[in-house]
Amino acid sequence: MDRRPNILWICTDQQRYDTIGALGNEHVSTPHIDRLVGQGTAFLRAYCQSPICTPSRASFLTGMVPSAVRVNRNGNPAFPDFPPLISRRLADAGYSCGLVGKLHLASAYGRVEERADDGYGYWQYSHAPRDDWASGHDYADWVREHGGDLGELVKDPRGVPAELHQTTWCAEKTIEFMQANRDRAWFASVNIYDPHPPFNPPQQYRELFDPSAVDPPLFRDTDLAQQSKLADIDFQSQARHPDCLDINSPILPQSPQRSLIEAETPGARDARTLIAAYYAMIKLIDDQVGRIMAALDASGQRDNTIIIFTSDHGEMLGDHGLIQKGCRFYEGLVRVPLVMSWGDQFAAGLRSRALVELTDIVPTLLEICGLAIPPYMTGKSLLPILSGEQDPDQHRDLVRSEYIDAIDLPGASVATMQFDGRYKFIRYHNHNQGELYDLQSDPGEFEDLWESAAHQELKLELALRSLDAAMMNQYHGPPRIGPM
């Protein structure tokens, strides 16, 4: 029997960092993820390398920043031939690799996305829980096999029933893959669509969360002026007071060309209703994670399986008057959960405050599997922290995130963020604007220091550091084969 560790990588879509019960959220219900936190290591300051799906996924599946991978946008025609995905690397090393759910390395607009040389031998695809594709949507086919019509179910304001939900389907197909590969090492890439919009959990889950009981979003009246100043950055910056977020429709617009923050309208629901629905989606995720863990235990594979729980990027959820995602870099959008567990091989109950990037996951897996970490990879292995050999609060001096013409909108914003554990420096390069926050004194990111006279020298220092980091994170080409 192959004794190399299995790898179960669960990635939700648009789940922010502060949505796990064991890590401080008293209103969400995540007992199964909480158990993973207790059995493994939770990285409390993990950051995605883009606040948009495709560039983030391209980045964390390769261990490189999006601009180095040359995948900066949602809607790109195809994933490039280089660099290889972690699934390709593992398949070449003899792993059985399975994809369940979303991949989104290329456009799925009007088609099932074109596959890269991805190494997946098991393929169960669902870009989104809609019935938009004539063929190739495995989740929609499964719903039909179970007597449902996904195209009709998504119109129901009560949400898709839990038993036919994409989250449930993801768990079922993951269990199927794990059971079929008991005698060889496997890698399961499980990509749950929730808690992504349209914020329509099954009714029985929605009823578990009282909107009046959840904490309100981070908001001050000064946020309206701040977002007005940055209204040209992209659609997301066109903010309204969070008490007037229009989420009355169970299905929000899917087109990125339309602002998902509407003007005040009669009957508009408040932000707490949105937050309660978001927590309900996470509750369903947690229940299905519990199913997967129970199946892993029953198969006797748990102790030899590396388990990763994370998300591609966050969700503003009303903070600063914003919802969803876009060209912004607040904590709720770029900071994500990251929990890693592996029997007694990883430190249990550890909560690391080190600065971590999602690019660090791939080199960690390569090192564990005895595979070479290529020199072009800018991710940095987390194994010294996970194994207890290094200070758990030290890993990187800074983390970076990018937004480069990521969504098809007028203005085509180009922006970068760097955070050194105290100062967050954000530059909107083609708008001659920026933001600067001191998260030590202002953890809510309310006081923008960009124009503060007392911080101009610091701003210049951070700008130079950002330029240096941008150059060092690029792909510098293949290795030399000669002196000239």
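The values are calculated or read from the model by the stated rules, or taken from the named source; none is laboratory data. Model, not experiment: these values are computed from the prediction. Backbone-built Cβ (ideal geometry, glycine too); neighbour counts: all protein chains shown. SASA here: full protein model, heavy atoms, side chains in, ligands and nucleic acids out. Shrake-Rupley method; radii C 1.70, N 1.55, O 1.52, S 1.80 Å.
The average projected area of the range 178-242, computed from the convex hull of its Cα atoms over all directions, is 8.6 nm².
The candidates Asp210, Asp223, arranged from most to least accessible area with a 1.4 Å probe in the full protein assembly, appear as Asp210, Asp223. Hey, got a sec? Which trypsin sites (Lys or Arg not before Pro) in the range 454-484 land in a DSSP loop and have at most 10 other Cβ atoms within 10 Å? In loop regions of the range 454-484 (DSSP not H, G, I, E or B), the sparsely surrounded trypsin sites (Lys or Arg not before Pro) are Arg480. Extending 7 Å from Cα along the Cβ direction at Leu224 and again at Gln390 yields two label points whose distance is 4.7 nm. The mean of 1/r over all pairs of different alpha-carbon atoms in the range 101-232, once inverted, gives a Kirkwood hydrodynamic radius of 17.5 Å.
Considering only alpha-carbon pairs that sit under 8 angstrom and 6 or more positions apart, the relative contact order computed for the range 1-133 is 16 percent. Counted by Cβ distance under 12 Å from Glu145, the other residues give a net charge of -3, where Lys and Arg count +1 and Asp and Glu count -1. Measuring max minus min along each principal axis, the C-alpha atoms of the range 383-484 give extents of 49, 41, 29 Å (largest first).
For Asp344 and Met471, a Förster radius of 45 Å and the Cβ-Cβ distance give a FRET efficiency of 0.65, rounded to the nearest 0.05.
Ignoring ligands, DNA and RNA, what accessible area per residue does the chain give at 1.4 Å, in Å²? I get 39 Å² per residue for this part. Computed with the Debye formula from one identical point scatterer per Cα of the chain, without solvent, the log10 of I(q)/I(0) at q = 0.11 Å⁻¹ comes to -0.88. All alpha carbon pair distances within the range 74-126 were sorted into 10 Å bins beginning at 0; the resulting P(r) in whole percents reads 25, 53, 21, 1. For the range 315-339 versus the range 30-62, the inter-centroid distance based on Cα atoms is 14 Å.
Relative contact order for the range 142-227: what is it in percent, counting Cα pairs under 8 Å that are at least 6 residues apart? Can you show the working numbers first?
On the way: 39 pairs, mean separation 25.9, N = 86.
It comes to 30 percent, rounded to a whole number.
Whole-Hz Karplus values for the range 187-200 come out as 10, 10, 9, 10, 10, 6, 6, 6, x, 5, x, x, 6, 10 Hz, taken residue by residue from phi with 6.51 cos²θ - 1.76 cosθ + 1.60 and θ = phi - 60°; glycine and proline positions read x. This model, with +1 at the C-beta of Lys and Arg and -1 at the C-beta of Asp and Glu, gives the chain a dipole about its Cα centre of some 960 debye.
Quick check: Cα centre of the range 83-107 to Cα centre of the range 169-216, how many Å? Measuring centre to centre over Cα atoms gives 20 Å.
Solvent exposure of Glu172, expressed as accessible area, is near 70 Å², computed with a probe of 1.4 Å over the protein chains only. Convex hull volume per residue, computed on the Cα atoms of the range 124-170, equals 70 Å³.
Modelled spin labels at Arg291 and Leu439, positioned 7 Å past Cα toward Cβ, are 3.5 nm from each other.
Calculate the FRET efficiency for Glu176 and Ala453 from the Cβ-Cβ distance with a Förster distance of 56 Å, rounded to the nearest 0.05.
On the way: r = 62 Å, r/R0 = 1.10.
After rounding, the FRET efficiency stands at 0.35.
Is the shape of the range 1-61 rounded, prolate or oblate, going by the alpha carbon gyration tensor and its root eigenvalues a ≥ b ≥ c, with a/c under 1.5 for rounded and a/b larger than b/c for prolate? Oblate is the answer for the range 1-61, as a/c is 1.5 or above yet b/c matches or exceeds a/b.
At a threshold of 8 angstrom on Cα-Cα distance, excluding pairs fewer than six apart, so keeping six or more, what relative contact order does the chain reach in percent?
On the way: 1085 pairs, mean separation 114.9, N = 484.
Relative contact order here is 24 percent.
How much of the accessible area of the range 380-484, probe 1.4 Å, is carbon plus sulfur, in whole percent? Intermediate values should be presented prior to the final figure.
On the way: 3140 of 5780 Å².
Heavy-atom surface of the range 380-484 belonging to carbon and sulfur, 1.4 Å probe: 54 percent.
Amide H to amide H, with H built 1.01 Å from N, Ala128 comes under 5 Å of no residue 5 or more places away or on another chain. Over the range 1-123, all Cα pairs binned in 5 Å intervals from 0 give whole-percent P(r) values of 2, 10, 17, 19, 18, 16, 12, 7, 1, listed from short to long. Here's the list of lysines a cross-link from Lys424 could span, going by alpha-carbon distance under 26 Å and ignoring same-chain residues fewer than 8 apart: Lys229, Lys325, Lys380, Lys459. Per residue, the convex hull spanned by the alpha carbons of the range 31-81 comes to 118 Å³.
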